[in-house]
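Single-structure report; data block below.
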Amino acid sequence: MKLLILFLSVTIGFSLALFISIGFSNYLLEKYNSDVISYLAFIPFVIVISILVYKIGSWTKLNPGVSKPIVESSFSLSLVPGKYILPAKKGWWNWGMAPIYDETGKLHIFNSSIPYKGEHGMDYWQSKSIINHYVADSVEGPYELVGTAFSSNQQTYHNPQISKVGDTYVLVYLWKSIDPNSLQSIGMATSKSLNGPWKENPNNPIIRPIPGTANAAHASNPTFIIDREGKFRIYYKSISEESTFREISVAIADNIEGPYVTHHNNPVISFKEVGRDIEDPYAFFYKDTYYMILEDRLDVASVFNGKPSKEPKPGGNRPGLLFQSRDGMQWQHPEYGYNTDAHYFGKELSRSERPHILWKDGKPEYLFLANHGSKEAGFYLKIGDWE
């Protein structure tokens with residue numbers, strides 16, 4: 001039905017624009033007896049067609065109404081359940097895991113840790129979250145808490161992601177002042193060693209809400225990559241003015257430290273027009289292809305599958321999505337990227353979010369997911385033979 005409406009809209013718009021332009025052209029030709037002047041009548045035609053092309057592009061860009069149902073990706077099919085790791089100490093909540101190997105093969109994990117608000121709950125994350133640093137000899141553990149990498153009485157550090165560029169480690173994270181009126185932004189720190197010292201970017205927050213942009217109200221949950229051209233990209237969750245729907249935007253820089261310039265075509269992934277959203281991006285560039293794993297926060301999949309759920313429960317209560325792209329700007333039809341905790345461990349369904357990949361020798365080895373229904377930070381899944 002939506003394809004029929006699109007076809008009829010284009011046909012009627014084209015015909016009407018052509019009819020008006022031809023009539024106006026004949027009028028000008030009769031009045032001024034000049035072919036040159038009569039050609040001016042086709043300017044509105046060109047304008048109307050340009051608008052139609054733009055609207056069609058916008059309407060069909062990742063629009064579930066003109067897409068096929070979602071299938072499970074080979075990436076998701078390769079995943080093998082591991083176990084839950086990193087239980088929090090009493091009175092604290094551990095959330096998410098950003099893993100990386102050092103030069104000796106030791107595993108390091110950076111994660112958010114939040115003091116309970118009252119007896120339970122992570123509601124202090126916007127004002128008191130810190131980033132802790134753990135090490136282990138293998139993914140199975142045991143894990144040793146090395147210390148706190150980032151904490152402050154003036155701002156919160158949350159949802160880190162770790163990468164390495166040459167001999168430099170790059171940590172990006174959600175950065176927010178404790179001022180209740182402040183907006184979520186993105187910070188960065190770099191170090192020559194995973195054990196620090198870490199140098200916070202002097203321009204923090206390096207990506208912040210800017211009026212009139214896709215991230216006018218919000219910029220958070222960053223993921224950092226090096227693109228095909230050797231530039232540096234940060235994909236992140238964004239929210240525009242007078243909206244509550246999460247979208248995905250990108251900022252690009254020539255240098256690690258920035259400045260990071262928001263892309264003119266932001267957001268690059270959005271389902272706001274169908275009343276759905278996604279969040280928690282993890283982007284990577286692998287075998288000359290851009291990938292992004294996302295939490296399906298408001299059941300985008302149900303719209304793609306032609307059976308939109310009514311009032312979906314927000315959060316990672318359903319399988320995540322995996323997108324592919326040739327340029328990292330135009331993203332293809334998604335596939336399922338991972339399943340739920342209930343699927344992997346046979347437990348009661350709870351939110352699984354914040355996907356991160358642990359890389360070894362340039363290949364993805366494990367997928368880590370934060371989990372809301374456990375006393376641990378989350379769990380890991382072994383990535384099998386995925387090509």
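The values are calculated or read from the model by the stated rules, or taken from the named source; none is laboratory data. In this text, all values refer to a predicted model and were calculated from it rather than measured experimentally. Ideal geometry is used to build each Cβ from the backbone, glycine not excepted, and the neighbour counts take in all protein chains shown.
Taken over the stretch 191-235, the residue count meeting the criterion of being surrounded by fewer than 15 Cβ atoms within 10 Å (Cβ to Cβ), hydrophobic (A, V, I, L, M, F, W, C) and more than 20 Å from the chain's Cα centre (by Cα) is 0. For the residues 185, 163, the requirement of being surrounded by 14 or more Cβ atoms within 10 Å (Cβ to Cβ) and closer than 17 Å to residue 99 by Cβ singles out 163. Under the condition of being part of a strand (DSSP E or B) and over 21 Å from residue 353 (Cα atoms), the residues counted in the stretch 280-291 number 2.
Would you confirm whether or not the stretch 287-301 contains a residue that is surrounded by fewer than 24 Cβ atoms within 10 Å (Cβ to Cβ), under 14 Å from residue 234 (Cβ atoms), among the aliphatic types (A, V, I, L, M) and at pLDDT 95 or above? No, the stretch 287-301 has no match at all.
Number of residues in the stretch 363-379 that are under 18 Å from the mean Cα position of the chain (by Cα) and farther than 19 Å from residue 321 by Cβ: the value is 0.
Evaluation of residue 296 against the conditions (1) acidic (Asp, Glu); (2) in contact (Cβ under 8 Å) with a residue 40 or more places away in the chain; (3) under 24 Å from residue 224 (Cα atoms) shows that the sole unmet condition is (2). Among the candidates 325, 374, single out the residue that is polar (S, T, N, Q), in the same structural domain as residue 230 (by TED's automatic domain parsing) and under 27 Å from residue 111 (Cα atoms). None of the other options fit; the residue is 374. Only one of the numbered conditions (1) surrounded by fewer than 23 Cβ atoms within 10 Å (Cβ to Cβ); (2) under 16 Å from residue 80 (Cα atoms); (3) of a type outside the set (A, V, I, L, M, F, W, C) is violated by residue 375, and that is (2).
Taking every residue in the stretch 82-106 that is at negative phi and pairing it with any residue that is assigned to a loop (DSSP other than H, G, I, E, B) and among the charged types (D, E, K, R), at least 6 positions away or on another chain, the pairs with Cβ-Cβ distances below 6 Å are 87/375. Applying the criterion of being surrounded by fewer than 23 Cβ atoms within 10 Å (Cβ to Cβ) and without any contact (Cβ under 8 Å) to a residue 24 or more places away in the chain to the residues of the stretch 313-324, the residue that is nearest to residue 283 (Cα to Cα) is 314.
Quick check on the stretch 253-272: of everything there that is farther than 16 Å from residue 208 by Cβ and among the hydrophobic types (A, V, I, L, M, F, W, C), which residue is surrounded by the fewest Cβ atoms within 10 Å (Cβ to Cβ)? Looking at residues that are farther than 16 Å from residue 208 by Cβ and among the hydrophobic types (A, V, I, L, M, F, W, C), I get 256. For the condition in contact with a strand residue (DSSP E or B) (Cβ under 9 Å, 6 or more places away or on another chain) and over 30 Å from residue 103 (Cα atoms), what is the one hit in 371, 317, 305? So the residue among 371, 317, 305 that is in contact with a strand residue (DSSP E or B) (Cβ under 9 Å, 6 or more places away or on another chain) and over 30 Å from residue 103 (Cα atoms) is 317.
Summed over the stretch 80-121, the residues that are loosely packed, with under 13 Cβ neighbours inside 10 Å and either hydrophobic (A, V, I, L, M, F, W, C) or in contact with a helix residue (DSSP H, G or I) (Cβ under 8 Å, 6 or more places away or on another chain) (or both) give a count of 1. Out of 201, 181, one residue alone is out of contact with any Leu (no Cβ under 8 Å at 6 or more places or on another chain) and either touching a residue at least 12 places away in the same chain (Cβ under 8 Å) or small (Gly, Ala, Ser) (or both). It is 201. Looking only at residues in the stretch 126-151 that are touching a residue at least 12 places away in the same chain (Cβ under 8 Å) and in a loop (DSSP other than H, G, I, E, B), the one that is nearest to residue 106 (Cα to Cα) is 137.
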